[in-house]
Amino acid sequence: MATVGVFTSPACNLHDTGENHPECPARLDAIQDQLLSSGMEYVLRFFDAPEATREQLERVHTPDYVASIFARAPSEGIEVLDEDTRMCPQSLAAALHAAGAAVDAVDKVIDGEVNSAFCSVRPPGHHAEREKAMGFCLFNNIAIGAAHARAAHSLERVAILDFDVHHGNGTEDFVAGREGYLLCSSFQSPYYPFSGTGELPANIVNTPLEAGAEGDALRDLVSNQWLPVLEKFKPQMLFISAGFDGHIEDAMAQLRFREEDYLWVTERLREFADTHCDGRIVSALEGGYALSALGRSVVAHLKGLIGG
């Protein structure tokens, strides 16, 4: 049974996106409630995530962009970056801890303190491009973690797997054509951000799904498209953008996944990591807005990371 670390920070609960915004503090509360009620809390190790440094952020984002997020952090009220993406006075700290969680998780996984890790953080990250905040995201947490693994730990090849209902355009913006990185991404299409279906470099494997697709479609693409590409690429560590907004109970989109599908996918990725990557996985929360379904799906995901 693998030792799984959960990396989070109280700062992430203070990121206030405004009334009726789906990306709300209750998301992390719902996850914690399900960890308690399922008994999972007692088989996990919890870590208080530090803030990411400017150097760590700038491995993925341009210095000008990072400076702009620091400059736009409000001292009061809400700063609207776009129609979906907002900052309150506590948002910068939340975003720094969210990115820092991925960095700290990489360090502890590679050092062997835990076998794998899940970053229960917000704001999410996979829509944040090198020079643009969007889709609730300020900094690209999972890309920052992957870049840290290469820069600080000299890994030559890392792979990012993204099963959020939305295309991770920000991660693709960073990874596309960049040596040592592979991105495999499933998402509903056509749907926000209406990207990911054009001509792509060889290190991007996008597997769009139509509205109404169920778990068997996800399982098929993981088995027949993701795993063969991973076998060929031979990554030394896996990173997961874990979005649970494809759940059948989530009104954000129209995919029809269930907890058992997230468990199945996670088990397959863990088995691959056990065989090829010394079991090293860092996962970070992306979407998931139906609170009960989100909590249950995260529990399933963590069970997949732990294994039997």
Checklist (1) within 16 Å of ALA128 (Cβ to Cβ); (2) touching a helix residue (DSSP H, G or I) at 6+ places or on another chain (Cβ under 8 Å); (3) surrounded by fewer than 19 Cβ atoms within 10 Å (Cβ to Cβ) applied to ALA176, failing item: (2)
Filter pass, ALA30 being without any contact (Cβ under 8 Å) to a residue 40 or more places away in the chain, in contact with a helix residue (DSSP H, G or I) (Cβ under 6 Å, 6 or more places away or on another chain) and crowded, with 16+ Cβ neighbours inside 10 Å: no
Taking first residues from region 118-130 that are touching a residue at least 12 places away in the same chain (Cβ under 8 Å) and assigned to a strand (DSSP E or B) and second residues anywhere that are buried (at least 24 other Cβ atoms within 10 Å of the Cβ) and aromatic (Phe, Trp, Tyr), the pairs with Cβ under 6 Å that are 6 or more apart or on different chains are CYS119/PHE7
Meets criteria (assigned to a strand (DSSP E or B) and of a type in the set (Ser, Thr, Tyr)) for SER297: no
Just checking, how many residues over region 1-48 are on the phi > 0 side of the Ramachandran plot and assigned to a helix (DSSP H, G or I)? 0
For the structure I just gave you, tell me whether HIS167 is within 15 Å of the chain's Cα centre (by Cα), without any contact (Cβ under 8 Å) to a residue 60 or more places away in the chain and either farther than 28 Å from TRP226 by Cα or part of a loop (DSSP other than H, G, I, E, B) (or both). yes
Inside region 232-269, the number of residues satisfying the requirement of being farther than 17 Å from ILE204 by Cα and in a strand (DSSP E or B) is 4
May I ask you to list the residues in region 64-99 that are closer than 22 Å to ASP48 by Cα and hydroxyl-bearing (Ser, Thr, Tyr)? SER91
Answer from LEU269, LEU263 - the residue that is surrounded by 16 or more Cβ atoms within 10 Å (Cβ to Cβ), on the phi < 0 side of the Ramachandran plot and in contact with a Lys or Arg (Cβ under 7 Å, 6 or more places away or on another chain): LEU263
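One line per residue, one yes/no per condition, for (1) out of contact with any Pro (no Cβ under 8 Å at 6 or more places or on another chain); (2) farther than 15 Å from HIS148 by Cβ; (3) surrounded by 22 or more Cβ atoms within 10 Å (Cβ to Cβ); (4) in contact (Cβ under 8 Å) with a residue 12 or more places away in the chain:
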| site | (1), (2), (3), (4) |
| --- | --- |
| PHE47 | yes, yes, no, yes |
| GLU58 | yes, no, no, no |
| PRO89 | no, yes, no, yes |
| LEU96 | yes, no, yes, yes |
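Read-outs: derived from the displayed coordinates by stated rules, not from any lab. A quick note: this is a predicted structure, and the numbers were derived from the prediction, not measured. Counting neighbours? That spans all protein chains shown, and the Cβs are built from the backbone with ideal geometry, glycine included.
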